[in-house]
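Working notes for the structure below.
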Protein chains: 2
Amino acid sequence: MTATTQGPVATTTRLQRLSLNTATTKYWTLQQAIDGALRAGIPALGVWRDRVAEVGTQRAAQMIRDAGLRVSSLCRGGFLTAADPVEQRAAVADNRAAISEAATLGTDSLIMVIGGLPDGDRDIAGARQRVADRIADLVPYAREHGVRLVLEPLHPMYCADRAVLSTLGQALDLAAPHPADTVGVVVDTFHVWWDPALAEQIARAGREDRLAAYQVCDWNLPIAADALLSRGMMGDGHIDFDAIGGWVRDAGYTGDIEVEIFNADIWATDGDQVLATMAQRYVDLVLPTAEHNIHQKGG
Amino acid sequence: MTATTQGPVATTTRLQRLSLNTATTKYWTLQQAIDGALRAGIPALGVWRDRVAEVGTQRAAQMIRDAGLRVSSLCRGGFLTAADPVEQRAAVADNRAAISEAATLGTDSLIMVIGGLPDGDRDIAGARQRVADRIADLVPYAREHGVRLVLEPLHPMYCADRAVLSTLGQALDLAAPHPADTVGVVVDTFHVWWDPALAEQIARAGREDRLAAYQVCDWNLPIAADALLSRGMMGDGHIDFDAIGGWVRDAGYTGDIEVEIFNADIWATDGDQVLATMAQRYVDLVLPTAEHNIHQKGG
């Protein structure tokens, strides 16, 4: 069975590019996420490693394949800023494991959250250089496995603790020394919507064949007490999905569009209801510019 | 009496560029801030309009002058993103009033927090264009009064609600159509420390004669429940003041260095103790690169 024969939206192909990132339904097991996606007519999953680990990679791959779903990405590799050589080797080993998992799962996209400043370390330039060095360490292994390291610029409010990579332009600079099919970038609306250089850098990502993934959610205010949980459902916040979606479309991106929301209220809501809202908001707010692209291509 | 004859650090000139922004001692009246600065040997104040309003601009100017203190800046003008013509006219009128106040207070720096998205408005490009238009409206009046509009890029986490101006590069682009002595920029470490283009854009600000002010405080984690109150005392967070101070020095900036901290714990601490800590951290963490500059100039 395939996703397009399931659920209330099965009679349309409107959801054909929509992917459920498993973080959006945090409390669902992988099996529950698969079943929920099928019920909602969502044909792809962005999977987090913890949900893969709970059943094992081979079994996870089999479950998703048997359900007729795609894996749009594996979340996540990264955390490459360690200054200590032992920690650096551990980070490289862990990222190699993630690359292998991605290959087994049948996705070529490993999302990379590259890490913040080590404890007590204020040398941001040094941390960024170590990231560049670790990416270089990982590229041959990724290339062998047909997996792309997808660099994720995170919102600058996470610069100290999650990612010293803050803009799409910076991600493209970091990717530049490596083959485009081995190191790409992701546009996550929450992280980059504010960037005055966003239109220009999305266009550049297209020209340089680096645009590997598109993740959507909204920027809600106030910022949540746990800042990581500030991501909102599309339409609930301040992001102009028409504008950003148009730039992503014009950059030639035709891949999956993942909805990845960390939000305590959404996590407390019934999963099927979350997926129904998510599919509707996707169709209303995100798809229009993507659809326009398909029509343009056909025309 | 002058600041350099007062307080425990009176025997040195180490604090000659230090300025107390009145927001750091939020609960002090203007008179209390003046007296506190004198006791601490701090020779300048960055004053907020509410503290000026409580005594009237002429009287505030007289009080500060009589105390032998300088005014390093007036905080703040801005909030220029309104789409409604009536609100736009009100914003221009209010900013003209702020320009007059700055002139009366004897400072040529009016710090501009340029405003977030209007309620329900997601068109960030439109909001940015309106800011450019309002700046153009204000430039002749500022020029007549010898006051510089000092554009402040705010941290991207305030993009929706406080300032659609997020990077120093963007601020310099916004300033570019206008005379350098009428539109400048401020480097506030809290807002820009994460920016991968910071070194390059500070150097550009120097080349273009736009670097009008330098404000320091630290980036603390976790982000405060009220995100505006996340600013920390220098040394308590993640910012490398040596690096940024060196770039500011190399850009030729020799003006006042304001400490502006919004932080509930600091506001709850005895003001004299806050100023003593602030002066010590300034000497230990901020001044070394500035001092180096003075030596270089002498040598």
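The numbers here are math on the coordinates, done by the rules we state, and not lab data. Everything quoted here is computed from the prediction, not taken from an experiment. We place every Cβ from the backbone using ideal geometry, glycine too, and count neighbours over all the protein chains shown.
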Requested in this report: Out of the residues in the stretch B:154-165 that are farther than 16 Å from B:GLN129 by Cα and in contact with a Phe, Trp or Tyr (Cβ under 8 Å, 6 or more places away or on another chain), state the one that is farthest from the other protein chains (Cβ to nearest Cβ).
Outcome: B:HIS155
Query raised in the report: What are the pairs, 6+ residues apart or on separate chains, where a residue within the stretch A:191-220 that is without any contact (Cβ under 8 Å) to a residue 24 or more places away in the chain has its Cβ under 9 Å from a residue that is acidic (Asp, Glu) and in a helix (DSSP H, G or I)?
Result: A:PRO196/B:ASP173
Query raised in the report: Picking from B:LEU74, B:LEU151, B:LEU80, which residue would you name as being in contact with a helix residue (DSSP H, G or I) (Cβ under 6 Å, 6 or more places away or on another chain), more than 14 Å from every other protein chain (Cβ to nearest Cβ) and closer than 30 Å to A:THR189 by Cα?
Result: B:LEU80
Query raised in the report: Out of the residues in the stretch B:110-130 that are part of a loop (DSSP other than H, G, I, E, B) and within 12 Å of chain A (Cβ to nearest Cβ), which is nearest to the chain's Cα centre (by Cα)?
Result: B:GLY116
Report summary line: Reported set for the stretch A:100-132 where residues are in contact with a Gly (Cβ under 8 Å, 6 or more places away or on another chain) and among the charged types (D, E, K, R) is A:ASP108
Report summary line: For the stretch B:104-135 the number of residues that are among the acidic types (Asp, Glu) and closer than 22 Å to B:ALA213 by Cα is 1
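Conditions tested, residue by residue: (1) over 29 Å from B:LEU149 (Cα atoms); (2) of a type outside the set (S, T, N, Q); (3) surrounded by fewer than 21 Cβ atoms within 10 Å (Cβ to Cβ).
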site: B:ARG210; (1), (2), (3): no, yes, no
site: B:LEU229; (1), (2), (3): no, yes, yes
site: B:GLY235; (1), (2), (3): yes, yes, yes
site: B:TRP267; (1), (2), (3): no, yes, yes
site: B:GLN273; (1), (2), (3): yes, no, yes
site: B:ALA276; (1), (2), (3): yes, yes, yes
Report summary line: Taking the stretch B:101-111 and keeping residues buried (at least 16 other Cβ atoms within 10 Å of the Cβ) and touching a helix residue (DSSP H, G or I) at 6+ places or on another chain (Cβ under 8 Å) leaves B:GLU101, B:THR104, B:LEU105, B:ASP108, B:SER109, B:LEU110
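Rundown of residues vs (1) closer than 18 Å to B:ARG122 by Cβ; (2) over 18 Å from the mean Cα position of the chain (by Cα), yes/no style:
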position: A:ILE202; (1), (2): yes, no
position: A:ALA205; (1), (2): no, no
position: A:GLU208; (1), (2): no, yes
position: A:CYS217; (1), (2): yes, no
position: A:SER230; (1), (2): yes, no
position: A:ASP242; (1), (2): yes, yes
position: A:ALA268; (1), (2): no, yes
Requested in this report: Kindly provide the set of residues from the stretch B:140-160 that are surrounded by fewer than 16 Cβ atoms within 10 Å (Cβ to Cβ) and touching a residue at least 24 places away in the same chain (Cβ under 8 Å), ordered by number.
Outcome: B:GLY146
